[in-house]
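Laboratory data are not the source of any read-out in this text; all were calculated from the coordinates shown. All values derive from a computational prediction rather than experimental measurement. Cβ coordinates were reconstructed from backbone atoms using ideal geometry, including for glycine residues, and neighbour counts include every protein chain displayed.
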Ligand SMILES: Cc1cc2nc3c(=O)[nH]c(=O)nc-3n(C[C@H](O)[C@H](O)[C@H](O)COP(=O)(O)O)c2cc1C
């Protein structure tokens, strides 16, 4: 267990020093080029945030496969042509003292780019489509795509990668007992549902040695038969054992699979694990998982002001705190909290969520 930290504390992790405990969680900007490239708008977006003193910036979900990108303006890391643009991006972030990670994603069943929907099993999603079940051969091909993408991230100068295994994208769907109904080695027990993710992590390790890996996972899915906190703890231990350097705990409130029939909690009836924190705040769940692992854990969700940010750290819920929409509203969020000027943070306006 790591002792209580303040937001201004440094953190030694995977051979590097983070200058404070603020994290920018990955957030797709939809500002990529239609060819998947890094645009000037993207460079400016991340540079502004890096100037705001965030210690660790995790660049938005970046597609490891062109067909399986999340959306049309998704930045991509699917071939070597992506490397120069990503090199510029990593260097703009690092110029301001932040560590630069990049999130690697395969959209799987949650693909808004027009590409084929694929997943562990043909479980119907809310618009009525049925993802196609992936074969074991395809699983191995995708694993190789994750490794190739991680190699490109390293070549571009990123300090590490985050494997996206949350929010019902591909690896998350495999982990979900709801979405994964396979009867082969990749379905059934929690170990089997984690097998794909474990293979991805180990394959990156094998290829890139001690190159840092963060793993983003769900602690809860708002769907009957979905992952619960007890299973998330088991999953976290399995994935830690596979060799990740840090865990990033998120969850699913608005799920992909027929929400009107299957939701199990709501703002009026939040899950116990939120424990008096705002609805959609996963930091208490991060705390629960953190009791069972030795790697640092990132908490996230609904932090919009200095008071909640400091409360989460004072109550020792996590090692690092990710602030998403709060930083979109005010790129100087971290700098203002760290300098005691939290009362000048520009507020997030919920109407910004379209
Ligand atoms: C515009 C937007 C884009 C997002 N894109 C991603 C993404 O690319 N990858 C991911 O794992 N989560 C994504 N998320 C979720 C955020 O990383 C974060 O977990 C969530 O916004 C909760 O934190 P917050 O309340 O501080 O914003 C996105 C959220 C928003 C608002």
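Is the shape of the chain best called rounded, prolate or oblate, per the rule: a/c under 1.5 gives rounded, else a/b larger than b/c gives prolate, else oblate, with a ≥ b ≥ c the square roots of the Cα gyration tensor eigenvalues? Could the numbers behind the result be given before it?
Values: a/c = 1.41, a/b = 1.16, b/c = 1.21.
Since a/c stays below 1.5, the shape of the chain is classed as rounded.
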Checklist entry - Which of the peptides 162-170, 116-124 is most tightly packed, and how do the rest follow, going by the mean number of other Cβ atoms within 10 Å of each residue? => result 162-170, 116-124
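Taking the mean number of other Cβ atoms within 10 Å as a proxy for protection, how do you rank 225-233, 295-303 from highest to lowest? Show your work: numbers first, answer last.
Values: 225-233: 18.7, 295-303: 24.3.
In decreasing order of mean packing, 225-233, 295-303 become 295-303, 225-233.
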Item to check | Rounded Å value of the spacing that divides the Cα centres of the range 137-213 and the range 315-340 | outcome: 28 Å
Checklist entry - Once the convex hull of the C-alpha atoms of the range 1-89 is built, how many Å³ does it hold per residue, rounded to a whole number? => result 122 Å³
Checklist outcome for this item: Note on the range 11-352, DSSP bridge orientation, antiparallel percent to nearest 5 equals 10 percent
Checklist entry - For the peptides 7-14, 102-109, 46-53, 132-139, what is the packing order when you average, over each peptide's residues, the other Cβ atoms within 10 Å and list the highest mean first? => result 102-109, 46-53, 7-14, 132-139
